[in-house]
Every structure is written in C-alpha cells, then in structure tokens.
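Asks: Have a look at this one before I ask anything.
The values are calculated or read from the model by the stated rules, or taken from the named source; none is laboratory data. Treat the numbers as computed from the prediction; the structure is a model and nothing was measured. Glycine also receives a Cβ, built like all others from the backbone with ideal geometry; neighbour counts cover every protein chain displayed.
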C-alpha cells in the first residue's frame, strides 16, 4: 500500500543546479506519464508492487505539511465520480467543457500551529476542526462554477493530462497550481477540508508570500492572446476570460501595499487635505470588518443569547482591527518586498531568464529562519527608514506631521512588533516546590505499591477490583477490562519512574497478558467481570462498551511503549531516581532519618555514568546499609524498608545480568540499550571477556524476543469487534451487551464529554466505524463563568479527564477548554462548600450486608445533565490527582490539604471522604471511605506519570500509526457562539453543615427557542411531558391519552388553552403554543413538582399551573386570569386536545383508522366530556378519559362543546388559528 518513486536529478542550465525536472509540476507530469505507460527512465527508484497502478484513475496530491483527515480521500473520490463532476474534454477546443478534471478541497489551519506564537494566533485564527460548518461560500464557485487550485487536491489523470498537454513551457512556471487549475477546470469542494500549518513567525510568512508573488507575476504571459507552449512556439492562449481574471486579481493583490503607501504619501506631501486622505485610507482598511460586524449584528443566529453573540462579534472585530494595525505597521516593508518580488520576476522573465524556478519549501524556511530583533531591523529597514524620511519631510508642515505621526511611529516600531508577535510563548510549566515534588513522587510510589502487592500469583496476575481496610479487611477477587488495562499501564509507568527493572517489567507483563489471553471472551471482547482466582466470567455475562474501549486504548498504548523499549536505556537516571523516591517514602515512616539521609550521596554519584560497575557498587552499598538499619518498630517503616530492599535487589539482578567488563583501550561500544547490547562486537573486548560478552548479548536477545512476543500479543488482544455494540442508524455506541440474554442495552453513549470518547476515538482509528460517529456525539454547551463548556451526564471528573490519561490534549481545543473549565467549576464547588474539592464516581459511606462500601457516580450539578447531583457531597481524592493534568498547582495544594486531614494510607489516598449529612454518624462532619480501587489507583498513577515525567503515555499513544491518523478529531475548535444548554441551575449553597441545597427552579423567557426545554411530571403511572413552548403529551403507562408526534421542526401537539377577547376578537393562548403569538411577556417556569406558564397580553395576565396528582391518575391544570385594564372584559376560554387512548405506536402507524374508534359523551351537569375507545376485540378492555372544566369566582354566560376536529379547526386551517375561535 506504500510506493516510493524517486526521480533523477538533471542539470538545469537556467537554474544552474542539479534538480528534478520542473520541481513539483514535473513530478506530477512524470507520474501521470508513468501511470499511462511511459518509459520507466523518468524514475530511478520505484519501491512497491506497481502492477495494479496502471488502472489508477485519480491522484490526490498534497504538500508535506498538509494533514489529510480520515475519510477525506474517500470523499474526494466520491465527488470526482459524481456524474455532474466527471470531466468532459473537447479535443477540438482542447479544454474541459463540463465537469472538473481537478477538485480542490477547502484548506484550513491546523490547531497545533496556532498556539506557537502570538503572530500565528492573530493571523491564523480559526484553526482546528469545525464540526458546526459543513460548507462555505466561494464567489468563483458560486457564480462561475469554477474554483482555484492551490496545489492540494484530487485530479483525473487522463483529463488532467489532456488539458495540459503541450501548454506550459519549461523553466518558466513557478506557481503552477493556479495555471493548472485554469487549464484543467478546477472546482471547489467546500464541504471537504484539509489542514496545513500556519507560519509561526512574520519573517517566515513574508518569505512565503514573496515566493507566491514571484510565481503570480511569472504568469503574466498567460494574460495575452498568445503564449509559448511546451515546444517554445507561440500558440493561441486557450484560457478563458475567468482564468485570466484570476491571474489579474492575484497581481492586483500584490500591488495593494504600494497603492496604500502611495495614497498616504500623496495625502501628506502633495494634498491640501492630509486628514481627508488619511481617513480615506483608514476607512478603506477598516470598512470591510466594520460592515461585516454591522450586518452580522443585525442578523443574529437563532437560540444564541444576543449578548453572547455580540461579545463574540466584538472579539472578532478586535482581532480584525489588530491585524489591520499590524499590517499598517509593516506597510513600508510589505511594499518593499512585494515590489522587489515583482521587479525580480519581471527582470527574470524579460532579461535574465534565470532562476525562474527558485523555490524553497515552507517547512525548510520555517526551520532555517531565526527571529532575532537586530536581524529583523536589518531585514525590515524600509519601515524605520521611511519613518525617518517622513519625519524629515513633514517638519515644515506641523498639521500633516501630527496626522502622520501615528503611522511614522508604527513604521519605526514595525520590526519590534514583528519580533514581539513572532516570539515563542512561554508555556506555563508546573514547577513544584521541593516539598510538593517530594509529596507527589512519594504519592506515585505509594500508588504503585498497590499493584506491586496485589497483582500477583494469588490473583493470577490480574488486579483485584478493590481492597478495603475498614470496617473489615477485604480483597475483592474480581476484575474488569478497565482494571486490567490500568494495571498494565501502571507497570509501564512504574518502569518509567524506575520502580522496577526492564526484566521485571517483562516478567510481570508476560504473566498478566498470558492470563488475559486465556480468559473466555465473546467476539474478542472481554466480559465485564471475572473472578481473579477461578478466571471464570461472573454472571450476568456482560460486555461493556466503555470497558472494552478503555482496554483497547490502554493495550495500544502499552504496545507502543513495548515497541520503544529495545531502544530505551536499560540503566539511566530513572533507576536512581526511583530508588531515591522509595527512600523518601521510607523516610516519612521511620525515625532513623540520619542513617537514611547518608544514603542520598551514594545514589547521586553514579547518576551520570554508563559504568554498570559503579552503579552496581553504589546499589550494593545502599542495600547493605538499609538491611542493617533498624526499622524503629513501625509496621509502615518495616514495609517500606522491605520495599526498598526488594527494589535494590531487582536492579542489582539487572545490573549483574548486563554487567560488561571494561572494553579495550580506544574502544567505546554502544551499550545503553537492549538493541545495542544485542549487537555487541566481541572485538571491542579482550579474548578472556568474550564468553561474558556472548552471555550479555544472548540475554539482550532473549529480552527483545520476549518484547516482540508481547507486542504481538497486545496488538492481538486490542482487536475487538465493536460492530456488536455500534448502532449504524444512530452512529452511536450502546451501553453494552448482555451475553446471557443475548440482548443489547437500550441506552446509548451520546455525549462527547464522557469517558466513551476514548472508545470512539480508538475504534474510529482502527477503521471499524465511520468518522462521523465522532461528530454524532452530543456537544451540549453550558456556561461556566462565561466559558463555553461541554456538559457531561454526571458532572464528574472521571468523565472529563479519564481519556486524557493516554490521549493527547491540544491547547485551545474545545476539549482542552472544557477540561480546564470543568476543573475550575469543581474548585469553585469546593470553595462554596468550604471543603476540599474533587467530585467523581467513587465509593461512599454506606455499607451492604457484607460490610462492603457502595459505589456510584457523583458530580457537580453545574457540569451535569443528571438531576439531583447536589443531594450528595462526596469528595474523591483521585479526582484531584486527575486534575493535576489540567491545573497542577491547585490540584497539588488540594491533595496536600487532604493528606493533612488524614486521607492517605499505605497505598496512597483513600477512595473518598463523605460529607453527606444523612449518611454520617451523629456529630460527625465527614467519614473516610477506607478502600483502594484498582482503576482509581491506576488513573492516579498515570496522572502522576503525565505530570512528573512529561506525558510519556500520551506520546506513546500518538506514536501508534493508526491512532495518529485520527488525531485531528481531537483538534476541534471552540465555537465562537453556541446555543447554551438550558439546564436546571442547581448550585450548592454553603450551609452550617456544608451540605448543598438545590434550587429546582428553571425559568425560560424565550418561547420560540429552537431547542425547547422539557419538563416531565409523573406519579409513576401517569406521565405528562411539557415543552417550554407549551406542547407535550399525557400518557398512562404506555397508553397515549392525547396525541403527540415527534417533530424536530414543530412543537404543535398537546393540550392547549385558548383565550379570546369577546369585544375585540383578539385570540392568544396561555402558552406560546399553539397560536405562536409572541406576547408582551412570556415565561415558562419548571420545578420538580409542577410546570407554569405566565403570559401578559392586551392587559391580561394569565398564569397556567400544571401538576400530576401523586395518588390518582389525574392531571390538573389551573388557569388564573387577571385583568390589568380599566374596564370590565368578557373572555372566552377554550381547551383543546386530541384524544387517542391507544399506544403511541398504533396511533402513529394508522392515525385515521385510530380516530374511528374514539367516542365522546357530554355530561352537562358536570361540565365534562367523557371519552372512550371502542374495543377491537372481545378480550380488550375499554379505556376511559374524563375532561372536566370548572370555573371559580367568575360569571359564566355559556358553555359549549365541540368534539369534531374538522369542525373545530376548519378546512385548510390549523390549531394556530382554528375556525371555532372566529368572531
């Protein structure tokens, strides 16, 4: 699937260089010719089986810095094959007359290139993937059905070759993209996007534009009626008027800086109105962004708060004005280099005929260009020089000098501005204090001790789910796929820290992976729970989507780490650092500080040496002193003394295994890595050392062979069939699959801010599901202190941060901003309650009959869609450890605060601390949940690894080729504006006990919201659903009492109440539906027990309250009308509903037939209508419904009824304006 074609270099007399024929244009020409059977001498090297390439129809051409998102190639081919796009070449006219021989996708800016400098942020804004905009407008494509080719697109080989046959002369065309697109008829694919890097420095961008200008001006001959062809003969120009206009438009663009500068010079030096000329120039520059902002401000999008939208417009305008200001500061230099490029091109075309193909790749320019301030002043001398000349020339005209002074100052400071904007930003790096660093390192060592102790032969090298200390000591001998994945990566993290040697790592990983390979599976998925001692799956046999995805992602990360292992140093500073960390941990638990402190110099001396002998001696000394030390009688001291001895023994055995004698004088063999050790040359040592060299080499080869086996095994275990869990119609994953009952769950994972995004990403990268599944995940945005934040289900730290343990995070992306905002909200939540922060799913202080702690999800209501999150206050320390990846300083302080409260044990932090008053013993403010859960321990260790060791897991994850292909999905930009999710404002309020209170009130003042809010009222059997516009349904269990059809565009079904002023005939409704009348004031108020609608219209206030009886299947609607006018009014009140009394599915399938069986009866004494449905079978019961209207405290003139829908609504009318309400 990979082919390499390498062309020979040939001497080019005009360029005076050995180079490939015609650079990139020649590459495409030679490739096309080879594909159609030309001689092989066009390429000196061809790698790959090319037998199938003769049938290639399309070629996708990209630059080296172009990023190709997944499925874009397929979309390009599909667009080329569309019947309307297929090129039709007219041989007589020698041009493509319909369709397109070449399609150019939209090219965006990659998110990774914009944070590199202020310059790239300012001018390369809008970087990243935008799932909200699927197509853009282009004037050439929209009006003239032609696009512009910019070198990155797909072309039809035959049509492209025919269209360009004999057109372009050699050694003259530099910007071949535009001219090729003109000849071959290029189209724009505005809904398909590629990504490229944006220059991080102004000087690099200038060199790129200089090259573009030269290329554009070298196309001047193609404006003329006659041009040179490939043979150097004059021939009629085949380009149409639009193609020539594109060339002229590019030339015009390159003359803009000179034109603007000339206008300013004329205004200051030759005109009597310098202010008018200056304002005219400024107006020309700012007119477009100002007009765009004005027109956009007059056309706000639906469902977006106008204040938020206006703020986004102001930010965009500010950025545009900043770009204009920077451009003005660089105007003299812009004029200088553009005029210089034009003059150079004309000279080369008309006179020298040399260096017309002079070109340098953008990436090479970026790599070789520096950004020193003196160098920029030398390069951009034109700005300060013109500023001085202008100052000298205007000294005799104070008014003109005053007007020109801002420009002159900006020109003088232009190089400094370019230097400042191009400077690399100083990224905030976590630099902990000595105490904080020691605290976090000791925490990592304690956390690893959990896996070191409990992942062993007693559980078949699988991690037990949890270990409980109080109220009784219990080890839960069961495990899950997530536990297994976390344990595997915990071993790799421990090796990174230096807590275990490479050989011990391979030994433990081999045992765990072999056990996993022997477990019973279902379609390659691991079951959700296994007994770690019998290795049997636990009932019910269930497959969890998230657990399988977590395990697959962790296995692929482990595989990448194993691939790197043979080329990593066997003994480095990590070994000694790991020993020092264990020594620090021992120091915390014993009173023999003097003896232990004396060991630190022994671990520091050999840190920078490759001499295994020196390392061996140092470790032997440390081990002997620790073994001889009295532990002071402390149980913890004895434990950590033994742990340090075991760690020393492990490294001593490894050092002895790979110990090498001194080489011969003058020989310095490579011996730091396993691969280097496996290739030792015995000639570098004396003859008597050859047996030892052979033994070391054999040991290294054995280790590499074990690594290779584990690489294959991890790759095989990571291949699971996720089609079982994927709904192709919804493009969503189901929660899981019950293998015992052979039944899929009915729920779906549909939020991006959840742990399932790791599963989605991995499975998309593996090619098992389409990329659109990523964009199907919901992106409900809340507002956290003015920051758009993705909502999760339970508002837990686990949902937001767990995928970050292995997945890379990109600065400025939507996920990055969301995670930062989520941590900030959690911090604020803790401050409000006056307790440590960090809420996530965890155990809590409730015990079952076997004295085991219970477990469920907890979160912060401001982040979660689930209601009632404020009922519990449970703090999980591991949530703060996860937050180290986002806000390390705040998280470290919070963890130290928890440690001072006694939240840690032998294996790190306890599971949780419960502040929920209802669960606590009398007089106790909080209670510890004294247990350790395997996956929380694993997450904690991986988070510490990320912070302390510079994200090794994330680098391994993105080094996998398959995963690397999908990384663009993580680079989603933050939307400038978005409709906020309408959620219950349930923020905890501080109280004396620290418990949170909930405010259940939701108020919505925009009745025409595109995405209405919904309220559900129920007593367990009778259910009422209401939207904020007033639509909805009533149901008894699975029987629909009133008709309702799901419609994304309308909300016009439900039970409604009309009001009509008898005197004026004006009609409105108690809610926005069904009349859709925008009243003077409208509010929908939802609380836990009721729904209310308040409306003010024509001097009347109406207040509709809707509740469901908790005892009986009764729905009560109370309408209170207040006359705010000065005169007596008479109102008609009409209620309306369509009765169903059948299942919603039956009614939806045959609505006309269903209506035939509904019958009604009037009960005049009770002012009621009784409805029933005639049974269609003898064993079918008859459902009944009663609709009763009662008026209190008013005079009733008349009561009327209408049970015929056609008569009530009228012919050709709707519930918005029914005929029954006509005067």
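Asks: Could you say which residue among 963, 1017, 1026, 968 is modelled with pLDDT of 90 or more and in contact with a helix residue (DSSP H, G or I) (Cβ under 8 Å, 6 or more places away or on another chain)? Talk me through it step by step, then tell me what you get.
Replies: Numbers: 1017 fails: in contact with a helix residue (DSSP H, G or I) (Cβ under 8 Å, 6 or more places away or on another chain); 1026 fails: in contact with a helix residue (DSSP H, G or I) (Cβ under 8 Å, 6 or more places away or on another chain); 968 fails: in contact with a helix residue (DSSP H, G or I) (Cβ under 8 Å, 6 or more places away or on another chain).
Selected residue: 963, the only one of 963, 1017, 1026, 968 that is modelled with pLDDT of 90 or more and in contact with a helix residue (DSSP H, G or I) (Cβ under 8 Å, 6 or more places away or on another chain).
Asks: Here are the criteria: (1) over 43 Å from the mean Cα position of the chain (by Cα); (2) farther than 19 Å from residue 386 by Cα; (3) exposed (fewer than 12 other Cβ atoms within 10 Å of the Cβ). Tell me which single one residue 270 does not satisfy.
Replies: All conditions are met except number (2).
Asks: Identify, please: which residue in segment 20-45 is in contact with a strand residue (DSSP E or B) (Cβ under 7 Å, 6 or more places away or on another chain) and surrounded by 15 or more Cβ atoms within 10 Å (Cβ to Cβ) and is, among those, farthest from residue 5 (Cα to Cα)?
Replies: Once the filter is applied, the top-ranked residue is 21.
Asks: Looking at (1) touching a strand residue (DSSP E or B) at 6+ places or on another chain (Cβ under 6 Å); (2) within 27 Å of residue 75 (Cα to Cα); (3) buried (at least 20 other Cβ atoms within 10 Å of the Cβ), find the lone condition where residue 774 falls short.
Replies: (1)
Asks: Moving to a separate point now. When you look at residue 100, is it farther than 30 Å from residue 779 by Cα, outside any helix (DSSP H, G or I) and touching a residue at least 60 places away in the same chain (Cβ under 8 Å), yes or no?
Replies: Numbers: farther than 30 Å from residue 779 by Cα: yes; outside any helix (DSSP H, G or I): yes; touching a residue at least 60 places away in the same chain (Cβ under 8 Å): yes.
Spelling it out, residue 100 is indeed farther than 30 Å from residue 779 by Cα, outside any helix (DSSP H, G or I) and touching a residue at least 60 places away in the same chain (Cβ under 8 Å).
Asks: Also, quick follow-up: Against the condition assigned to a loop (DSSP other than H, G, I, E, B), over 14 Å from the mean Cα position of the chain (by Cα) and either surrounded by fewer than 19 Cβ atoms within 10 Å (Cβ to Cβ) or modelled with pLDDT of 90 or more (or both), how does residue 807 come out, does it pass?
Replies: Values: assigned to a loop (DSSP other than H, G, I, E, B): yes; over 14 Å from the mean Cα position of the chain (by Cα): no; either surrounded by fewer than 19 Cβ atoms within 10 Å (Cβ to Cβ) or modelled with pLDDT of 90 or more (or both): yes.
Spelling it out, it is not the case that residue 807 is assigned to a loop (DSSP other than H, G, I, E, B), over 14 Å from the mean Cα position of the chain (by Cα) and either surrounded by fewer than 19 Cβ atoms within 10 Å (Cβ to Cβ) or modelled with pLDDT of 90 or more (or both).
So that you can scan it fast, the table gives a plain yes or no per residue for (1) in the same structural domain as residue 542 (by TED's automatic domain parsing); (2) touching a strand residue (DSSP E or B) at 6+ places or on another chain (Cβ under 6 Å); (3) within 30 Å of residue 800 (Cβ to Cβ); (4) in a loop (DSSP other than H, G, I, E, B):
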residue	(1), (2), (3), (4)
704	no, no, no, no
716	no, no, no, no
753	no, yes, yes, yes
761	no, no, yes, no
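Asks: Additional query: Residue 733 - would you say it is modelled with pLDDT of 95 or more and either out of contact with any helix residue (DSSP H, G or I) (no Cβ under 9 Å at 6 or more places or on another chain) or surrounded by 16 or more Cβ atoms within 10 Å (Cβ to Cβ) (or both)? Before you say what the answer is, go through the steps one by one.
Replies: Values: modelled with pLDDT of 95 or more: yes; either out of contact with any helix residue (DSSP H, G or I) (no Cβ under 9 Å at 6 or more places or on another chain) or surrounded by 16 or more Cβ atoms within 10 Å (Cβ to Cβ) (or both): yes.
So residue 733 passes the test.
Asks: Same structure, new question: Test residue 1054 against the stated conditions and say whether it is more than 32 Å from the chain's Cα centre (by Cα), in contact (Cβ under 8 Å) with a residue 40 or more places away in the chain, farther than 21 Å from residue 1148 by Cβ and assigned to a loop (DSSP other than H, G, I, E, B). So that I can check it myself, show each step before the final result.
Replies: Numbers: more than 32 Å from the chain's Cα centre (by Cα): yes; in contact (Cβ under 8 Å) with a residue 40 or more places away in the chain: yes; farther than 21 Å from residue 1148 by Cβ: no; assigned to a loop (DSSP other than H, G, I, E, B): yes.
When the stated conditions are applied, residue 1054 does not pass them.
Asks: Okay, moving on. Going by the structure shown, is residue 1116 exposed (fewer than 13 other Cβ atoms within 10 Å of the Cβ), under 47 Å from the mean Cα position of the chain (by Cα), at pLDDT 90 or above and assigned to a strand (DSSP E or B)? Break it down into steps so the answer makes sense when it comes.
Replies: Values: exposed (fewer than 13 other Cβ atoms within 10 Å of the Cβ): yes; under 47 Å from the mean Cα position of the chain (by Cα): yes; at pLDDT 90 or above: yes; assigned to a strand (DSSP E or B): yes.
Here the answer is yes, as residue 1116 does meet what is asked.
Asks: Please find, within segment 1036-1051, the residue that is surrounded by the most Cβ atoms within 10 Å (Cβ to Cβ) out of those that are more than 16 Å from residue 1155 (Cα to Cα) and touching a residue at least 60 places away in the same chain (Cβ under 8 Å).
Replies: Start the filter on segment 1036-1051 by keeping residues that are more than 16 Å from residue 1155 (Cα to Cα), which leaves 1036-1038, 1046-1051.
Among the residues that remain, those that are also touching a residue at least 60 places away in the same chain (Cβ under 8 Å) are: 1036, 1038.
On the way: 1036: 15, 1038: 10.
Among those residues, the one meeting the criterion is 1036.
Asks: A further question on this structure: Scan segment 180-219 residue by residue and report those that are under 30 Å from the mean Cα position of the chain (by Cα), closer than 30 Å to residue 99 by Cβ and buried (at least 22 other Cβ atoms within 10 Å of the Cβ).
Replies: Keep residues of segment 180-219 that are under 30 Å from the mean Cα position of the chain (by Cα), which gives 188-202, 204-205.
From what's left, closer than 30 Å to residue 99 by Cβ: 188-196.
Passing the criteria: 188, 189, 192, 194, 195.
Asks: Next up: Quickly run through segment 718-739 and pick out the residues that are part of a loop (DSSP other than H, G, I, E, B) and touching a strand residue (DSSP E or B) at 6+ places or on another chain (Cβ under 8 Å).
Replies: Initially, segment 718-739 is screened for residues part of a loop (DSSP other than H, G, I, E, B), giving 718-721, 728-731, 735, 739.
Correct list: 720, 721, 730, 735, 739.
Asks: Hey, can you tell me all the residues within segment 1137-1177 that are in a strand (DSSP E or B) and farther than 19 Å from residue 1036 by Cα?
Replies: Those that are in a strand (DSSP E or B) and farther than 19 Å from residue 1036 by Cα: 1161, 1162, 1163, 1168.
Asks: Can you report the number of residues in segment 1161-1185 which are on the phi > 0 side of the Ramachandran plot and under 54 Å from the mean Cα position of the chain (by Cα)?
Replies: Filtering segment 1161-1185 down to residues on the phi > 0 side of the Ramachandran plot leaves 1167.
Add one more test, that the residue is under 54 Å from the mean Cα position of the chain (by Cα), and what stays is none.
The qualifying residues number 0.
Asks: If we scan segment 854-861, do we find a residue that is crowded, with 24+ Cβ neighbours inside 10 Å and touching a strand residue (DSSP E or B) at 6+ places or on another chain (Cβ under 7 Å)? Give the derivation first.
Replies: Start the filter on segment 854-861 by keeping residues that are crowded, with 24+ Cβ neighbours inside 10 Å, which leaves 858-861.
Keeping just the survivors that are touching a strand residue (DSSP E or B) at 6+ places or on another chain (Cβ under 7 Å) gives 858.
Within segment 854-861 (the criterion being crowded, with 24+ Cβ neighbours inside 10 Å and touching a strand residue (DSSP E or B) at 6+ places or on another chain (Cβ under 7 Å)), the answer is yes, since at least one residue qualifies.
Asks: Looking only at helices (runs of 4 or more DSSP H) that lie completely in segment 279-382, which have at least 2 residues being assigned by TED's automatic domain parsing to the domain that holds residue 411 and closer than 30 Å to residue 1007 by Cβ? Don't jump to the end; show me each part of the working.
Replies: Details: elements: 306-329, 331-347, 362-368, 373-379.
Hits in segment 279-382: 306-329.
Asks: Which of the residues spanning segment 1011-1033 are crowded, with 20+ Cβ neighbours inside 10 Å and farther than 18 Å from residue 1143 by Cα?
Replies: 1012, 1015, 1017, 1026, 1027, 1028, 1029, 1030, 1031
Asks: Take segment 1057-1080 and flag every residue that is surrounded by fewer than 23 Cβ atoms within 10 Å (Cβ to Cβ), in contact with a strand residue (DSSP E or B) (Cβ under 6 Å, 6 or more places away or on another chain) and not in a loop (DSSP other than H, G, I, E, B).
Replies: Listed by number, the residues that qualify are 1057, 1058, 1059, 1060, 1067, 1068.
Asks: I would also like to ask the following. Would you mind telling me which numbered condition in (1) outside any loop (DSSP other than H, G, I, E, B); (2) at positive phi residue 902 fails?
Replies: (1)
Asks: Same structure again: Select, from 597, 592, the only residue that is surrounded by fewer than 21 Cβ atoms within 10 Å (Cβ to Cβ), free of Cβ contacts under 8 Å to residues at least 12 places away in the same chain and assigned by TED's automatic domain parsing to the domain that holds residue 641.
Replies: Details: 592 fails: free of Cβ contacts under 8 Å to residues at least 12 places away in the same chain.
Only one candidate passes the filter, namely 597.
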